[in-house]
Amino acid sequence: MITNDVAQAVAAIESGKLCAIPTETVYGLAANALDESAVARVFAAKERPADHPLIVHVATTKDANDWITELPQWAIDLTAAVWPGPLTIVGPRTALASNSVTGGQETVAVRVPGHPIAHELLSQLKARGIKGLVAPSANRFGHVSPTSASHVLADLGEYLSAHDDLILDGGDCQVGLESTIVLATGPKPVILRPGAITSADIEQITGIAVSSQLANVPRVSGSLDSHYAPIAKVILLADETSEVTAVNSGFLALAQVPTPDGLVRLGSPATTDDFAHELYGCLRSGDDLKLEVIYVVPPTGEGLAQAINDRLQRAAF
Ligand code: TXA
Ligand code: MG
């Protein structure tokens, strides 16, 4: 069921199978975006509510035009600068984007992933007339996103093997956090989900101040209060001197932060980038060790640290 043969993945998608794919952010559970029954199985495999919209992944920036009718100039500049990369754009949908993909909304989310294997797969599919892949993170709904093929196997292996679906192994995901989602239906960029492309990046590229989250934004499942959560209870700490209960508990913090007495160290990332890269694997290893509590000292600051804090707050909710 696990392969590193792109041709095998092409054949699987063409025959209506699902294929978990590596991207630079997290692994996605991919299906042909125009195959309604395959798209329905993506929801079934994840146990994801049907009204939560999916991201369509395409090979090149130009291919986004198949799915989005028009974008403001700032969004054209943004995609030109960032794609292929960890950015998702939400724009008005074309007739190709079905209700099952968009959750019945008039907008569609599109992304050009930067991972070379994802790019190779999308290019080969495009040459065979397949215009895009839906790919939500390849985890059970609400659980921690997968950043390796073995994480996908742990969450969805039973379903995928029962249905003769595939996992395309492309190694560990470089970023480790899901893409930044930007709503591009108005005069200003609105960040719906923070990620590796930060508001400072967006302001620098577009020359426009990022607007704060609107009250009435479209549905973003990753913005549910409780999401990205391991089985263990996640408790956020200001620093290593905070009070902890040291029974069957883990600890994750930057390398310079010492481990409080009695806690199991789950990771010691050297930088904020490393923290993002290792975060989901550390949360999963806490569950593998059957820990009851995982204490985390989140990195501070702007940029990627904000995206890490966003995910950790939802994991801790
Ligand atoms: O990095 C990523 O974006 C990964 C990789 C696999 O590409 N994918 C991912 O997909 O995180 P998923 O389904 O776990 O999260 C996609 C998010 C959801 O929160 C969904 O609600 C939001 O995108 N979304 C999709 N279409 C939307 C739309 N039309 N309006 C607003 N949000 C939308
Ligand atoms: Mg997800």
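The values are calculated or read from the model by the stated rules, or taken from the named source; none is laboratory data. These figures come from a predicted structure and were not determined experimentally. Positions of Cβ are backbone-derived with ideal geometry, glycine not excepted, and every protein chain shown enters the neighbour counts. Surface areas here come from the heavy atoms of the whole protein model, side chains and all, with no ligands, DNA or RNA. Shrake-Rupley method; radii C 1.70, N 1.55, O 1.52, S 1.80 Å.
Can you tell me which residue in the range 67-93 is farthest from ligand 1 (Cβ to nearest atom), limited to those that are without any contact (Cβ under 8 Å) to a residue 40 or more places away in the chain and not hydrophobic (A, V, I, L, M, F, W, C)? So that I can check it myself, show each step before the final result.
Residues of the range 67-93 without any contact (Cβ under 8 Å) to a residue 40 or more places away in the chain: 69-70, 73, 76, 79-80, 83-84, 93.
Now narrow it down to the ones that are not hydrophobic (A, V, I, L, M, F, W, C): 69-70, 73, 79, 84, 93.
On the way: T69: 13, E70: 15, Q73: 21, T79: 14, P84: 11, R93: 8 Å.
Among them, the one singled out is Q73.
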**Complete:** Going through the range 225-277 in order, the residues found to be surrounded by fewer than 20 Cβ atoms within 10 Å (Cβ to Cβ), more than 20 Å from E292 (Cα to Cα) and within 16 Å of ligand 2 (Cβ to nearest atom) are D225
**Asked** Out of the range 10-51, which residues are open to solvent by 20 Å² or more (accessible area, probe 1.4 Å), assigned to a loop (DSSP other than H, G, I, E, B) and in contact (Cβ under 8 Å) with a residue 24 or more places away in the chain?
**Response** K17, L34, E47, R48, P49, A50, D51
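Being more than 15 Å from ligand 1 (Cβ to nearest atom) and either touching a Phe, Trp or Tyr at 6+ places or on another chain (Cβ under 9 Å) or among the basic types (K, R) (or both) is the filter here, so list the residues in the range 128-139 that pass it. Show your work before the answer.
Step one: filter the range 128-139 for residues more than 15 Å from ligand 1 (Cβ to nearest atom), giving 128-131.
Result: R128, K131.
So which of I89, I2, I68 is closer than 24 Å to Q204 by Cβ, modelled with pLDDT of 95 or more and more than 19 Å from the chain's Cα centre (by Cα)? Even if it seems obvious, please write down each step before you answer.
Values: I89 fails: more than 19 Å from the chain's Cα centre (by Cα); I2 fails: closer than 24 Å to Q204 by Cβ.
On inspection, the qualifying residue turns out to be I68.
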**Request:** Among the residues of the range 280-298, write down those that are in contact with a Pro (Cβ under 8 Å, 6 or more places away or on another chain) and buried (at least 20 other Cβ atoms within 10 Å of the Cβ).
**Result:** Y280, L283, R284, G286, I294, Y295
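Identify, from the list L289, L252, L266, the residue that is touching a Cys at 6+ places or on another chain (Cβ under 6 Å) and free of Cβ contacts under 8 Å to residues at least 40 places away in the same chain.
On the way: L289 fails: touching a Cys at 6+ places or on another chain (Cβ under 6 Å); L252 fails: free of Cβ contacts under 8 Å to residues at least 40 places away in the same chain.
Checking each option against the conditions leaves just L266.
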**Prompt:** What number goes with the only condition from (1) open to solvent by 10 Å² or more (accessible area, probe 1.4 Å); (2) out of contact with any strand residue (DSSP E or B) (no Cβ under 8 Å at 6 or more places or on another chain); (3) part of a loop (DSSP other than H, G, I, E, B); (4) within 27 Å of E203 (Cα to Cα) that G104 does not pass?
**Reply:** (4)
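Between D172, D164, which is surrounded by fewer than 17 Cβ atoms within 10 Å (Cβ to Cβ), in a loop (DSSP other than H, G, I, E, B) and under 19 Å from the mean Cα position of the chain (by Cα)?
Working: D164 fails: under 19 Å from the mean Cα position of the chain (by Cα).
The match here is D172.
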**Prompt:** What is the residue count in the range 120-156 for residues that are of a type in the set (G, A, S), farther than 13 Å from T23 by Cβ and open to solvent by 10 Å² or more (accessible area, probe 1.4 Å)?
**Reply:** 6
**Message:** Can you go through L125, L96, L156, L177 and tell me which one is away from ligand 1 (no atom under 11 Å from the Cβ) and part of a loop (DSSP other than H, G, I, E, B)?
**Reply:** L96
**Request:** Could you give me the residue pairs with C-beta distances under 7 Å whose first residue belongs to the range 126-155 and is under 26 Å from D63 (Cα atoms) and in the same structural domain as L54 (by TED's automatic domain parsing), whose second residue is of a type in the set (K, R) and outside any loop (DSSP other than H, G, I, E, B) wherever it lies, and which are 6+ apart or on separate chains?
**Result:** P136/K46
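Which one is nearest to I208 (Cα to Cα), of the residues in the range 64-81 that are assigned to a helix (DSSP H, G or I) and open to solvent by less than 20 Å² (accessible area, probe 1.4 Å)? Reasoning before the result, please.
Within the range 64-81, the subset assigned to a helix (DSSP H, G or I) is 64-66, 73-81.
Then drop every residue that is not open to solvent by less than 20 Å² (accessible area, probe 1.4 Å), which leaves 64, 74-75, 78-79.
Numbers: A64: 22, W74: 8, A75: 10, L78: 11, T79: 14 Å.
Ranking the qualifying residues of the range 64-81, first place goes to W74.
Per-residue answers, yes or no, for (1) touching a helix residue (DSSP H, G or I) at 6+ places or on another chain (Cβ under 8 Å); (2) under 24 Å from G170 (Cβ atoms):
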residue	(1), (2)
A33	yes, yes
A40	yes, no
A50	yes, no
A59	yes, yes
D66	no, no
P72	no, no
